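Here is the structure we will look at.
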Amino acid sequence: KYTASGVNPFERVEWEVRDAVIHGEKGDKVFEQKGVEIPAFWSQTATNIVVQKYFRGRLGSPERETSVRQLIGRVTTTISDWGRNGGYFATPEDADTFEAELTHLILHQKMAFNSPVWFNVGIEPKPQCSACFILSIKDDIRSIMEVASNEVMVFKYGSGTGMNMSTLRSSKEYLTGGGRSSGPVVFMKGFDAFNGVIKAGGKTRRAAKMVILNVDHPDIIDFINCKAKEEKKAHVLIDNGFDPRLDGDVYSNIFFQNANHSVRATDEFMKAVVDDRDWQTKAVKTGEPVDTYKARGLMRQISDAAWFCGDPGLQFDTTVNKWHTCSNSGRINASNPCSEYMFLDDTACNLASLNLMKFRKENGDFDVESFKHAVEVTTTAQEIIVDNASYPTELMTRNSSDFRPLGLGYANLGALLMANGLPYDSDEGRNYAAAITALMSGWAYRQSAIIAREIGPFRYYQKNEKPFLGVMNMHRANAYMINHRGVQPELLEAA
C-alpha cells in the first residue's frame, strides 16, 4: 500500500544532518550528539528523544548509532527475518513487502513500538521486547525476594511491572512463628527503593511499576494514604529550602515515588458506596472479618489522597474480569504500570501505538483503509516478536508463548479531535474515539484470526473459546451502540 517493489523506503524521503542537544532545567547541557542523520520532516523534539533514548552504543564510540536509518533498519530487518524463519510469509516477495511496509510506518511516524523494542531488538540475540509485565507474589519471604529479583531484570531491559500484593498477609495478621506480619505496605518500601536505583533499559528514565491492593484487604487504609503522607513530608522539606526537583534531595529521599498505586474495587464495593452501607475487610489467610468501615468513608479517603498526590487510582475488578477473554485459565488480578494491559498473572505484553494524526486526510476525514492496513502490519509484527523475545522467568516465557497477548493502542487523539473541531470532553469526541477504537480492536482481532488460520491459534484458545467469543460479542454489540453524532459515516460503518 505504502511502498513500491524494489524501492527502499529510506530512499523516498529527504534526509538531513543535525545535532541532538538536550538542556536541563538550569540551562545546562545534559545530552549532545552531533552530526546525526534524521528525516527532514522530523521535528527537533523527535530528533532529541530518539537519539538520546534509542540510539545504541556508548556515546562517542565507533559502535554508536548515528542515523535513524540504522535504528529503524535494525528493528524492521530483525523482525522481518524472524518472520521469514518462522514461516509467516507465503513467499520471499511477501516478506520483503512486509519489511518495506513496516519500515514506512515507522519512518513516517505512523506507528511506534514500545521502548524495549528500540532498546534491545537487533542488539540482543533474544531481546526483551515487552514493556509490560504482570507478576504474581506469594505470601512467603522466598517469593517476595524472588519477585524483587525478577523486577530488577525487567527494569534493566527497559520495561515495567505490575503486581497485586493482596496475597500478602496484613499487618493485623500473625505469622506461623507467632509475630505479626509486616504487611504489604512495609514490603512496598523495599520494592520502591530498588525501583529508584535501577535505570530502565540502562537509560536515564526511571523504572515503571504498579502496585495494587484489593479494597477488602485489612491494610487498605494504610495503602490508600501511604503516598499522600510521604507527599506531605515532601512539602515540609520543600518549604524549608530543600531541592524540589524530581531528582533532587526531597523526592529521592521519600518513599513510594517509583510506583503507581491502585485500589482494586469490585461492583459490590461501589454499590456499598452508592447505598451508604458498611464495608468489611477480610483476613488474607482465613477470610474472617477484620475491620468495618463506611464504604463512603473509604471512597472519600481514596478521593482525597488522589486529589492531593495523584494516587491511588481505581481499577474496577468486576468489569475487568467481565471482559476477560481467557477467564477459564484464571482471573485478572493486576495490570501493568499504565493500566492499559490487564491479563493473567505472570504474563508479558509488547505494545505498539498508532499515530492518529497520520491517518487524517487533508479534508479532515479519517483514512479508514490506511488505518486498517497499518493495524494489519503492526499486529503481524507484534505476533512475530512473541516467540523471538526473552522473558525474565520460565513461567512468563511459557505463558507468553501459550497466550500470545499483544497490546495495540493509539496516540494523538486530542490533536485529532482538535483538528476536527471536536471538544475533547464532549459526546461527539467520545463517539469519534469509540469508532476509532472499535475499528482498531476489531481489525486487530481479524488479523490475529488470519494469522491463527495459517500458523495455528494460541495454545489455550480451545479452553477459552466460550469466554473469548463472549467478549467478541460484547465488542460487537457495543460497536453497534456507537452514536453517529460527530463521526464520519465511512468510519462508523467500518467500526
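Laid out as a table, the results:
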read-out	value
Of the criteria (1) more than 30 Å from N48 (Cα to Cα); (2) assigned to a helix (DSSP H, G or I); (3) at pLDDT below 90; (4) open to solvent by 40 Å² or more (accessible area, probe 1.4 Å), which one S182 fails	(2)
Helices (runs of 4 or more DSSP H) wholly inside the range 387-495 containing at least 2 residues that are closer than 24 Å to T78 by Cα	394-403, 427-455
Members of the range 275-325 that are of a type in the set (A, V, I, L, M, F, W, C) and either open to solvent by 80 Å² or more (accessible area, probe 1.4 Å) or touching a Pro at 6+ places or on another chain (Cβ under 8 Å) (or both)	A283, V284, V290, I302, A305, A306, W307, F316, W323
Single condition K203 does not satisfy, out of (1) within 25 Å of E340 (Cβ to Cβ); (2) at pLDDT 85 or above	(2)
Any hit, the range 473-493, residues being within 28 Å of G429 (Cα to Cα) and aromatic (F, W, Y)	yes
Cβ pairs under 9 Å, 6+ apart, first in the range 429-443 and within 16 Å of D367 (Cβ to Cβ) and open to solvent by 30 Å² or more (accessible area, probe 1.4 Å), second at pLDDT 95 or above and part of a helix (DSSP H, G or I)	W443/F371; W443/K372; W443/V375; W443/E376; W443/T379; W443/A494
Hits in the range 401-428 (condition: over 18 Å from N478 (Cβ atoms) and open to solvent by 40 Å² or more (accessible area, probe 1.4 Å))	S401, R404, L406, A411, N412, M418, A419, N420, G421, P423, Y424, D425
Residue in the range 88-99 that is modelled with pLDDT of 95 or more, under 27 Å from W15 (Cβ atoms) and outside any helix (DSSP H, G or I) present	no
Residue among L314, L246 that is part of a strand (DSSP E or B) and either acidic (D, E) or closer than 18 Å to P337 by Cβ (or both)	L314
Hits in the range 59-87 (condition: out of contact with any Lys or Arg (no Cβ under 9 Å at 6 or more places or on another chain), in a helix (DSSP H, G or I) and not charged (D, E, K, R))	V68, I72, G73, V75, T76, T77, T78, I79, S80, W82, G83, N85
The one condition in (1) part of a helix (DSSP H, G or I); (2) open to solvent by 70 Å² or more (accessible area, probe 1.4 Å) that K172 fails to fulfil	(1)
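Results for (1) part of a loop (DSSP other than H, G, I, E, B); (2) crowded, with 18+ Cβ neighbours inside 10 Å; (3) over 20 Å from the mean Cα position of the chain (by Cα); (4) aromatic (F, W, Y), shown as yes or no for each residue.
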residue: D345; (1), (2), (3), (4): yes, yes, no, no
residue: N363; (1), (2), (3), (4): yes, no, yes, no
residue: K372; (1), (2), (3), (4): no, yes, yes, no
residue: V375; (1), (2), (3), (4): no, yes, no, no
residue: T380; (1), (2), (3), (4): no, yes, no, no
residue: I385; (1), (2), (3), (4): no, yes, no, no
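Every residue, every condition in (1) of a type outside the set (S, T, N, Q); (2) within 21 Å of N350 (Cβ to Cβ); (3) in contact (Cβ under 8 Å) with a residue 40 or more places away in the chain; (4) in a loop (DSSP other than H, G, I, E, B), yes or no:
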position: F155; (1), (2), (3), (4): yes, yes, yes, no
position: G162; (1), (2), (3), (4): yes, yes, yes, no
position: S166; (1), (2), (3), (4): no, no, yes, no
position: T176; (1), (2), (3), (4): no, no, no, yes
position: K189; (1), (2), (3), (4): yes, no, yes, no
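The values are calculated or read from the model by the stated rules, or taken from the named source; none is laboratory data. All values derive from a computational prediction rather than experimental measurement. With ideal geometry, Cβ positions are generated from the backbone for all residues, glycine too; neighbour counts draw on all protein chains shown. Accessible surface areas use protein heavy atoms only, side chains included; no ligands, DNA or RNA. Shrake-Rupley method; radii C 1.70, N 1.55, O 1.52, S 1.80 Å.
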